[in-house]
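Take a look at the structure set out below.
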Amino acid sequence: MTPLEALQTTLAGEHAAVYVYGVIGGRVSASADPALARLVAAAYVTHRGRRDQLTSMVRVAGGDPVAADVSYQVPTPCRTTDEQRRAALVTEQRCAQVYAAMVGATSQANRQWAIDALADTAVRELGFGGPAEAFPGAPEL
Amino acid sequence: MPSPDSSPAGLPRRTVLGGLLGLAALAGCTGTGPRPAGIRRPAATSTATDPDVVLAATVLAAEQAALERIRATMLRHPQLRRVLSGTEQVHDQHARLLAHAVPTSAPSPSPSTSPSPSASPSASASASTGPTVRVPPDPARALAAIAATEDELTLLGRRSSFSAQSGAFARILATMAAASAQQAVLLRRQPAPGARR
């Protein structure tokens, strides 16, 4: 994967994450689970920010930023707090894999960005009930 | 739970990492045998000075030191064994993976690297506690010391990932740094051992 391809792939991942968090955020009840609501809101803001950063990074790399799809499949029906939490966790786990791939395909500032995003996402997974792993983002290990 | 020396995909981890750093690293310094097609190697670089192998050795040493501290802490504070068993497994897996990338001429793994996380206390007692590991007598401080070690490992992992020449190796180092970041959070979430509930 070229650095530009890695940037575009990661941007595509952020589009999906933003969409899913939008759905979760629309359904999670702050009164039913205030902690989850806060975590979801924070994650939504973070992924939106990354989406915007990556859009710039793609342009700097000479590419035309990939656009978001009209809609995305959401990992769970998101009807209960457990389903909402699970959808968030799956989203972060997918992002972890994408960031790890980006580390491998980039260098310098872009690689640093991906290194930081991966560490942040791994910690975020814990908040959504995910288990600690030895190699977050590298399921083959 | 996959065995320590194979990945969930069934591939020996040695193969996974060997493909990343070039089989020259695994063959020690002998360099005998045909080089597989596609493995390029800078002409004047020996295994000992390959910067990625040096990086692997550095991170490996840090992971082994962390393992020593974790095991010494489990020994000194048996009530912390359950809390620390996951942490131990993480760093054991890190050390095993990195050990495949470091030639035999590099500093040998610490004797405290026992074959399984459930090594008996007497075995780890005789092997592990070198003069450098001082475990705080207070269990909360002992946990905090390990959390601080995780912070250092995350930093080292991130820096190493940034400077790694091999993209695939950089990726693995970044995942290891992320794992330590998780452990730092988890260990700090623990209620103070012995605190009244």
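Here, each number is a calculation from the coordinates, and none is a lab measurement. This structure is a prediction, so every number in the text was calculated from the model and none was measured. A quick note on method: Cβ atoms are made from the backbone with ideal geometry, for glycine too, and the neighbour counts reach across all protein chains shown.
Observations, loosely collected:
- Computed from the C-beta positions of A:THR2 and B:ASP151, the FRET efficiency with R₀ = 35 Å rounds to 0.55.
- Computed E for A:GLU83/A:VAL45 - FRET, C-beta separation, R0 25 angstrom, nearest 0.05: 0.70
- Rel. contact order, % - alpha carbon contacts under 8 angstrom, at least six apart, chain A: 29
- Global geometry of chain A, whether rounded, prolate or oblate, following the gyration tensor of its Cα atoms and the 1.5 cut on a/c: prolate
- With a Förster radius of 25 Å applied to the beta-carbon distance between B:VAL54 and B:ARG134, the computed FRET efficiency rounds to 0.30.
- Between A:ALA41, A:ALA12, A:ALA61, the residue with the greatest mean-square fluctuation in the GNM of chain A (Cα pairs under 10 Å linked by springs) is A:ALA61.
- Among residues other than B:ARG159 with Cβ under 14 Å from its Cβ, the summed charge is -2 (Lys and Arg +1, Asp and Glu -1).
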